[in-house]
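So the structure is just underneath, and the comments pick up after that.
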Amino acid sequence: MINRKKIIAGNWKMNKTQAEARALVEDLIREIGKFDEAEIVLCPPFTALSAVSELLSPVPNIRLGAQNMHEAASGAYTGEISATMLRELYVRYVIIGHSERRQYFHEDNATVNRKTKAALAAELRPIVCVGETLPERESDKWKSVLETQLREGLAGFGDKELADIIIAYEPVWAIGTGKTATPAQAEETHQWIRKVLATHFSAAVAERIRIQYGGSVKTENAKELLSMPDIDGALVGGASLDARGFTAIIKNACLK
Ligand code: 13P
């Protein structure tokens, strides 16, 4: 069986001022120490990227990510941020198509596709989010919803592109609700995602790609979720805002 290094990312969403971000990162650096059994990524808001980047520059085991980017290289897009601007701050990862972006900012699969393409061109590693709503889960439409999100979101890419992408499966009904997919439910879905990828790309690259789970991941449920064979990490929202809690997720979930 292929050994996929786990990747745990903290999506801070619209939380933490620069001063608060600095305090959190200082605590995280202390708590996490030299731990490198997992890839660790912090995704602060744009306004804190620079401060967090400075603090992380001497820390090789914690990487920087952004929560969004615009697909154009530059231009008249008031309020937007380009991949080049992120690269200048040593950002390595970027979350694309989070369900909150889809819901509140009308991003669709075509937007996700264009942003992912732009991120790859700038050598950022996209964390492409997919996930179904509660009615879609309950009416058993989740398979076709995820299939469409993957097919359209990754349209035009080949194995070479896919190898640099991370998929985050975040059931919309589990985000910020305290409701988590059961480990068996999440595993079944991750297996389905890998199977869909294997039909559009080579089986080898589908086997190598990492698929994170996201949605109410906490210290108490992380180990069980991440011990499933196809769950290769976590995209953590609320619980990543606390240094002790986030560190416990990383360490408990990733120590054999
Ligand atoms: P919560 O962990 O707060 O449910 O958020 C999940 C999420 O949306 C991460 O991107």
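The values are calculated or read from the model by the stated rules, or taken from the named source; none is laboratory data. Fair warning: this is a prediction, and the values are worked out from it, not measured in the lab. Glycine also receives a Cβ, built like all others from the backbone with ideal geometry; neighbour counts cover every protein chain displayed.
Things to note:
Here is a yes/no grid of residues against (1) in contact with a Gly (Cβ under 7 Å, 6 or more places away or on another chain); (2) hydroxyl-bearing (Ser, Thr, Tyr):
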residue	(1), (2)
Thr84	no, yes
Leu89	no, no
His106	no, no
Leu120	no, no
Arg125	no, no
Val128	yes, no
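- Trp192 being modelled with pLDDT of 95 or more, among the aromatic types (Phe, Trp, Tyr) and either more than 13 Å from the ligand (Cβ to nearest atom) or within 18 Å of His98 (Cβ to Cβ) (or both): yes
- Only listed residue being under 12 Å from Lys6 (Cβ atoms), in contact with a Phe, Trp or Tyr (Cβ under 9 Å, 6 or more places away or on another chain), within 13 Å of the ligand (Cβ to nearest atom) and touching a residue at least 40 places away in the same chain (Cβ under 8 Å), chosen from Ala234, Ala168: Ala234
- Some residue of the range 13-29 being within 16 Å of the ligand (Cβ to nearest atom), surrounded by 15 or more Cβ atoms within 10 Å (Cβ to Cβ), at pLDDT 95 or above and closer than 22 Å to Val128 by Cα: yes
- Residue count for the range 110-148, restricted to those that are out of contact with any Leu (no Cβ under 9 Å at 6 or more places or on another chain) and either more than 19 Å from Ser216 (Cβ to Cβ) or not charged (D, E, K, R) (or both): 22
- Residues being within 16 Å of the ligand (Cβ to nearest atom) and closer than 17 Å to Gly97 by Cβ - total across the range 195-217: 6
- Selected residue (only one of Leu120, Leu64 is assigned to a helix (DSSP H, G or I) and of a type in the set (A, V, I, L, M, F, W, C)): Leu120
- Among the residues listed as Ser240, Ser144, the single one being assigned to a helix (DSSP H, G or I) and either without any contact (Cβ under 8 Å) to a residue 12 or more places away in the chain or in contact with a Cys (Cβ under 7 Å, 6 or more places away or on another chain) (or both): Ser144
- Flag if Thr116 is in contact (Cβ under 8 Å) with a residue 40 or more places away in the chain and more than 16 Å from the chain's Cα centre (by Cα): no
- Unique match (being free of Cβ contacts under 8 Å to residues at least 12 places away in the same chain and either in contact with a Ser or Thr (Cβ under 6 Å, 6 or more places away or on another chain) or surrounded by fewer than 20 Cβ atoms within 10 Å (Cβ to Cβ) (or both)) among Gln191, Gln185: Gln185
- Verdict on Gln67 being under 19 Å from Lys16 (Cα atoms) and within 16 Å of the ligand (Cβ to nearest atom): yes
- Residue check, Ser240 in contact with a helix residue (DSSP H, G or I) (Cβ under 9 Å, 6 or more places away or on another chain) and within 14 Å of the ligand (Cβ to nearest atom): yes
- Within the range 51-70, the set of residues being polar (S, T, N, Q) and crowded, with 19+ Cβ neighbours inside 10 Å comprises Gln67, Asn68.
- Scan the range 107-135 for residues that are at pLDDT below 95 and either hydrophobic (A, V, I, L, M, F, W, C) or crowded, with 18+ Cβ neighbours inside 10 Å (or both) and the total you get is 1.
- Entry remark, the range 71-106: residues being surrounded by fewer than 19 Cβ atoms within 10 Å (Cβ to Cβ), out of contact with any His (no Cβ under 7 Å at 6 or more places or on another chain) and not in a helix (DSSP H, G or I) number 11 in total.
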